[in-house]
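First the structure, in the form of structure tokens, and then the observations on it.
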């Protein structure tokens, strides 16, 4: 049970505090409710660009990193299709430095052509290195575009096209910042060896003077239900061919999200899991196989992926994959298998909670989902999944009309 207290500032900023006296450290986590799904389809990659711009100096602090390093701290950030999250960790005595740094960049970034140009180059290089020049770097580009026709999950966090970042104008970037990076669209989570009174004092001193900004109302295109199998074959200069199959699943708050997570573990959670045993160990059709889901806030994807062994055709590989799925649907999961998976999930959750940074991050994320206390209810959601529900959902998810197949073949 992760204990916490929360309050809201006059400008709409939600603040969560989790006390841990066993550590000499403190974590300041600012989650902005903006991700790649909130971008203009003609100007994608902006949320990720901001992950970089936010470290380029703010109105009163020319360098973000220097004062944090002097205070003995470290920081990082990440962007997804749903959120952008910034966090720092530093000795509890220097907690105020964390509030000062995070509040100043929420107040106003130091926007100028030079800062934009520097970060633009960094992001463009990242795009080329990881998504254009890297083997298999564009797998997800093809799969997202295959699976999503209306919803903005159809593009990757880095952006749909390199040109969108190359052509980003300073005013466009400022408009994006003003729309999304304000107190009403953020959640501040503080964890560590301090007091609620101190967190309230610092939050009011540093964050409350920031103007609340306009409330962002999300209006995202609904993805229509898929009615037929979609297939795509591409040939690339890669070492080995792979097959990727993706299926639409329920959103993060639907009870069946947990069932889908359990299905991925049964199929590919280790060397004794079904896909590995059948396709790698016994039939030797694949050198490796995996099954996972995207973990999206809105309706996401469950993915099967495998690297084919030389001389095995994609048709042979896909047929073998389908047989494993067919058997899974017909026979379901044993109670022993289910218990094993749920015990593993419990261990992983307990291990994650050992990290102060993870606790702060998760409290902010579950508050975004509606209530930070959902974090404490998460394991019960897994425990309530029955073997019957797993079989029923497997049948529903792996329908042919819900299937997207990508053959990504070596030339």
Checklist entry - Inside region 142-251, counting only strands (runs of 3 or more DSSP E) that do not spill past its ends, which hold 2 or more residues that are at pLDDT 95 or above and crowded, with 19+ Cβ neighbours inside 10 Å? => result 186-192, 242-248
Checklist entry - How many residues does region 105-121 contain that are surrounded by fewer than 16 Cβ atoms within 10 Å (Cβ to Cβ), in contact (Cβ under 8 Å) with a residue 24 or more places away in the chain and assigned to a helix (DSSP H, G or I)? => result 2
Next on the checklist: So, residue 377, is that one outside any loop (DSSP other than H, G, I, E, B), surrounded by fewer than 21 Cβ atoms within 10 Å (Cβ to Cβ) and under 24 Å from the mean Cα position of the chain (by Cα) or not?
Outcome noted: yes
Next on the checklist: For region 56-71, check the following and say yes or no: at least one residue is crowded, with 18+ Cβ neighbours inside 10 Å, modelled with pLDDT under 95 and under 28 Å from residue 155 (Cα atoms).
Outcome noted: yes
Checklist entry - If a residue has to be touching a residue at least 12 places away in the same chain (Cβ under 8 Å) and not in a loop (DSSP other than H, G, I, E, B) to count, how many in region 34-46 make the cut? => result 5
Next on the checklist: So residue 86 ticks every box in (1) in contact (Cβ under 8 Å) with a residue 40 or more places away in the chain; (2) surrounded by fewer than 21 Cβ atoms within 10 Å (Cβ to Cβ); (3) touching a strand residue (DSSP E or B) at 6+ places or on another chain (Cβ under 9 Å) but one. Which box is left unticked?
Outcome noted: (2)
Checklist entry - Can you tell me which residues in region 89-104 are buried (at least 23 other Cβ atoms within 10 Å of the Cβ), in a helix (DSSP H, G or I) and touching a strand residue (DSSP E or B) at 6+ places or on another chain (Cβ under 6 Å)? => result 95, 98, 102
Checklist outcome for this item: Of 49, 31, the only residue that is surrounded by 19 or more Cβ atoms within 10 Å (Cβ to Cβ), outside any loop (DSSP other than H, G, I, E, B) and modelled with pLDDT under 95 is 49
Next on the checklist: Just to be sure before I move on: is residue 254 under 23 Å from residue 236 (Cα atoms), at pLDDT 95 or above and within 20 Å of the chain's Cα centre (by Cα) in the structure I sent?
Outcome noted: no
Next on the checklist: Please go through region 59-83 and give me each residue that is touching a strand residue (DSSP E or B) at 6+ places or on another chain (Cβ under 7 Å) and under 30 Å from residue 140 (Cα atoms), ordered by number.
Outcome noted: 75, 76, 77, 78, 83
Checklist entry - Out of 203, 211, 221, which single residue is touching a residue at least 60 places away in the same chain (Cβ under 8 Å) and within 21 Å of the chain's Cα centre (by Cα)? => result 221
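The values are calculated or read from the model by the stated rules, or taken from the named source; none is laboratory data. The structure displayed is predicted, hence computed values, not measured ones. FYI the Cβ positions are ideal-geometry reconstructions off the backbone, even for glycines, and counts take in every protein chain you see.
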